1. May I ask you to sort 39, 73, 9 by Cβ crowding, counting other Cβ atoms within 10 Å and putting the fewest first?
2. Tabulate in residue order the Karplus-calculated ³J(HN,Hα) for region 21-37, using 6.51 cos²θ - 1.76 cosθ + 1.60 with θ = phi - 60°, rounded to whole Hz; enter x for Gly and Pro.
3. Given springs between every Cα pair under 10 Å in a Gaussian network model of the chain, which of 167, 74, 153 has the largest fluctuation?
4. Run the numbers on the chain and let me know its relative contact order in percent, using alpha-carbon pairs under 8 Å that are six or more apart.
5. Would you pull out the residues with amide H under 5 Å of residue 138's amide H, same chain only if 5 or more places away, H placed 1.01 Å from N?
6. Rounding to the nearest 20 debye, state how big the charge dipole of region 4-182 is about its Cα centre with +1 on each Lys and Arg Cβ and -1 on each Asp and Glu Cβ.
7. Helix-derived [θ] at 222 nm for the chain: sum -39500 (n - 2.57) over DSSP H runs of at least 4, divide by residue count, nearest 500?
8. What is the magnitude of the charge dipole of region 117-175 about its Cα centre, with +1 placed on the Cβ of each Lys and Arg, -1 on the Cβ of each Asp and Glu, and no other charges, expressed in debye to the nearest 20?
Amino acid sequence: MAQTRIAVLVGSLRKDSYNQKLALALAHLAPEDFTFEHLRIDDLPLYNQDEDGNQAPAVKRLKTEIAAAQGLLFVTPEYNRSIPGVLKNAIDHASRPYGQSAWGGKPAGVLGVSVGAIGTALAQQHLRNILAYLDVPTMGAPEVFLQAKDDLFDDKGHIGNEGSKKFLQGWMDKYVAWVKTHSA
């Protein structure tokens, strides 16, 4: 059985990140032929167009990992009604130099979790706008705006709340179909 590689980008660097936990828990809902590779973005230098011709090793690694994936999964918190700077920095690096973007044509899913009542709705909208420009076919529905509650994750790192688990299983099923339909 051929494996479908999914590049996972988590927009949070926090040690106990809810979004990191969500990204890990989602992998338990996927079929066995899907592999989730969490990409490192905390070691990237700040994007500077002057460096496009001589990208740092960490940038080259990121672009190689994205190129090797059949799909993308963005799991992000919301900072000041947008995506975190570390995620934007990674997106910018992997899209450059102009004409050499690693993102184009890779099907994506976008979701996030936050302590706030609206979850990560505005960050996700901003991210979707960026991905549209980068030619990343992004699954539109169902949208996932999770609020972090005490029972969201169990002690094994799985989704603990049955209602959330059922909803996220439905999301994962659609995401799997989205990737299979849109990956070349």
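Coordinate-derived values only; no laboratory data. Keep in mind it's a predicted model, so treat the numbers as computed, not measured. Because the Cβ atoms are built from the backbone with ideal geometry, glycine has one as well, and the counts that use them run over all protein chains shown.
1. On the way: 39 17, 73 27, 9 24.
Arranged by neighbour count, lowest to highest, 39, 73, 9 become 39, 9, 73.
2. Using θ = phi - 60°, the values come out as 4, 5, 4, 5, 5, 4, 4, 6, 9, 8, x, 4, 7, 10, 10, 10, 10 Hz.
3. 167
4. Taking the mean separation of contacting Cα pairs over the length of the chain, I get 25 percent.
5. Under 5 Å from the amide H of residue 138 lie the amide H atoms of 108, each far enough along the sequence or on another chain.
6. Values: 19 positive and 20 negative charges, 35 e Å.
I would put it at about 160 debye.
7. Details: 5 runs with 66 residues, N = 184.
Only helices count here, giving -11500 deg cm²/dmol.
8. Working: 6 positive and 8 negative charges, 29 e Å.
Roughly 140 debye for region 117-175.
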